[in-house]
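The values are calculated or read from the model by the stated rules, or taken from the named source; none is laboratory data. Only a predicted model underlies this, so the values are computations on that prediction, with no experimental measurement involved. Backbone-built Cβ (ideal geometry, glycine too); neighbour counts: all protein chains shown.
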Amino acid sequence: MEVRASGARSGPGSLALALAAFALPLDSAFATGFFINQQSVIGLGRVGAGSAAGADGPSGVFFNPAGLSELGRLEPEKKTWTSFGLQVIAPRSSLRDDGSTAATPGSLGGDVPSGGRDMRNPGDPTPIGNLFFVRRLTDVPAYVGFGITEPFGLKVKFREDWFGRYDAIESSLMTINLGPVAAWELSREVTLGGGLDVQYARSTLTSAIPNPAVPGGPTPATDGKIRIRGDSWAAGYNLGLLLRPTDRTRVGLHFRSPIDHRLSGSSRVSGFTGALSAANGRSDAKAKLKLPSIVSLGVAHNLTDRLLLLGQVERYGWKRSDEVRVRFDNGGADAVRRTGFRNAWAAALGLEYAYSSALTLRGGVRFDETPTVDAYRDTTLPDQKRLWLGLGASWKVAEQWALDFAFAHARIKRADINVERTFFDGTPLASSARVSGSTRSSVNTLSFALRYAF
């Protein structure tokens, strides 16, 4: 990334806000960038297979509102369905330094080791909640629903003296999605659905800035620091279709529109002393966060009265997010950060077995592509291809109550990191840091949900 500064203060501030606008999780849920697909405990048990085909109960509000008509078919005596779910996402990862360097006036412009330790498990276990409500209308063949979800983001925190500190020390992105939906059953074979996505996003990033005046090169003890925050409200929409070509087969198609957030925030630089103390202070800026479109095609087919086969294919339009551009209120030059994101695909296959009228067992396997590319992969999102395995169960404890459980494990391919960050461009203090390393990661997710229908 190149940062052009109109002064010492806007130089590091530009860097920080560019990072903040894309402060993404180290170990997101399902790969495909930083989208959190674990909005259904039933669906997690088969790692997303068949979710667009109306196979996830009330959480169809999120995955395909047209699938809500299946609730009335499975439980025709009921008119209202609710669900509260909680997922705990626990990433495990190690990041190893492979020769990170810095070049500053203090090092006479030559590359010197930037110093810092390797890192293990910078991402703490993170709870993700969701709430769904569905109501069948009495006079027309229609359903209305509402969902509260957290579809994007997680959090990681590194030590302040780790080798990648000039890329990130703390990164977080949180979203809350409010989703009213409706579905209309045109016929026994066709249901249409759609809804709105009203979304709040908040991003925070802390990173280090190398002190260009330190003889011999910067060290963790002499670094400056910048902390930035930004938030935004934005809106999108989603559309769904559910087909029943036979009594045993359902096909669902769902489209979720892209959402563009305009983050407004501030950056604060601290830690510099002496002649560089003028770089300390606060500045305002704005940046766009472009979230992708998502297209899902799901199929559910009853092999027998007890055994259900499910599949799903998903496409994520991450290519539109290949750049982050930050504009500054003080008239400074834009800061531009390339992500190089490409579109990504995911596919899942699962089975469900109705062991009894009260107990259903399920499992699945899933493969996720990553939108990241080798040339731009960094420590905020060192993502790679993943293979998921999931297991789950549902237990109907009473006529109106049911419990869902699920566990999923992902193995992530080794990812290499090799990026350069520049500071104080266009001034005598111009400096750079190259972060080189590798990471190995895995993710475990444990989930449960309580459902109530009447």
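Counting just the residues of segment 340-359 that are surrounded by fewer than 23 Cβ atoms within 10 Å (Cβ to Cβ) and in contact with a Phe, Trp or Tyr (Cβ under 7 Å, 6 or more places away or on another chain), which one comes out farthest from residue 173 (Cα to Cα)? Among those that are surrounded by fewer than 23 Cβ atoms within 10 Å (Cβ to Cβ) and in contact with a Phe, Trp or Tyr (Cβ under 7 Å, 6 or more places away or on another chain), it is 358. Which is outside any loop (DSSP other than H, G, I, E, B), over 30 Å from residue 79 (Cβ atoms) and not small (Gly, Ala, Ser), of 173, 178? None of the other options fit; the residue is 173. Scanning segment 201-219 for residues that are in contact with a strand residue (DSSP E or B) (Cβ under 6 Å, 6 or more places away or on another chain) and within 30 Å of residue 53 (Cα to Cα) turns up at least one hit.
Taking the criterion of being surrounded by fewer than 23 Cβ atoms within 10 Å (Cβ to Cβ) and either under 20 Å from residue 427 (Cα atoms) or modelled with pLDDT under 90 (or both), the residues of segment 249-270 that qualify are 266, 268, 270.
When segment 143-174 is filtered for residues that are free of Cβ contacts under 8 Å to residues at least 60 places away in the same chain and either surrounded by 20 or more Cβ atoms within 10 Å (Cβ to Cβ) or at positive phi (or both), the ones remaining, listed by number, are 165, 169. Mind listing whichever residues of segment 64-85 are surrounded by 24 or more Cβ atoms within 10 Å (Cβ to Cβ) and farther than 14 Å from residue 191 by Cβ? Residues satisfying the conditions are 81, 83, 85. Taking residue 398, is it in a strand (DSSP E or B) and farther than 23 Å from residue 158 by Cβ? Against the criterion (in a strand (DSSP E or B) and farther than 23 Å from residue 158 by Cβ), residue 398 does not qualify. For segment 105-129, the set of residues classified as in contact (Cβ under 8 Å) with a residue 40 or more places away in the chain, in contact with a Leu (Cβ under 8 Å, 6 or more places away or on another chain) and surrounded by 20 or more Cβ atoms within 10 Å (Cβ to Cβ) consists of 119, 122, 123, 128, listed by residue number. The residue that is surrounded by the fewest Cβ atoms within 10 Å (Cβ to Cβ), among those in segment 274-319 that are within 30 Å of residue 233 (Cβ to Cβ) and of a type in the set (A, V, I, L, M), is 295. Against the criterion of being part of a helix (DSSP H, G or I) and either on the phi < 0 side of the Ramachandran plot or in contact (Cβ under 8 Å) with a residue 60 or more places away in the chain (or both), residue 297 does not qualify. List the number of the failed condition for residue 200; all other conditions in (1) outside any strand (DSSP E or B); (2) surrounded by fewer than 20 Cβ atoms within 10 Å (Cβ to Cβ); (3) out of contact with any helix residue (DSSP H, G or I) (no Cβ under 8 Å at 6 or more places or on another chain) hold. It is condition (1) that residue 200 fails.
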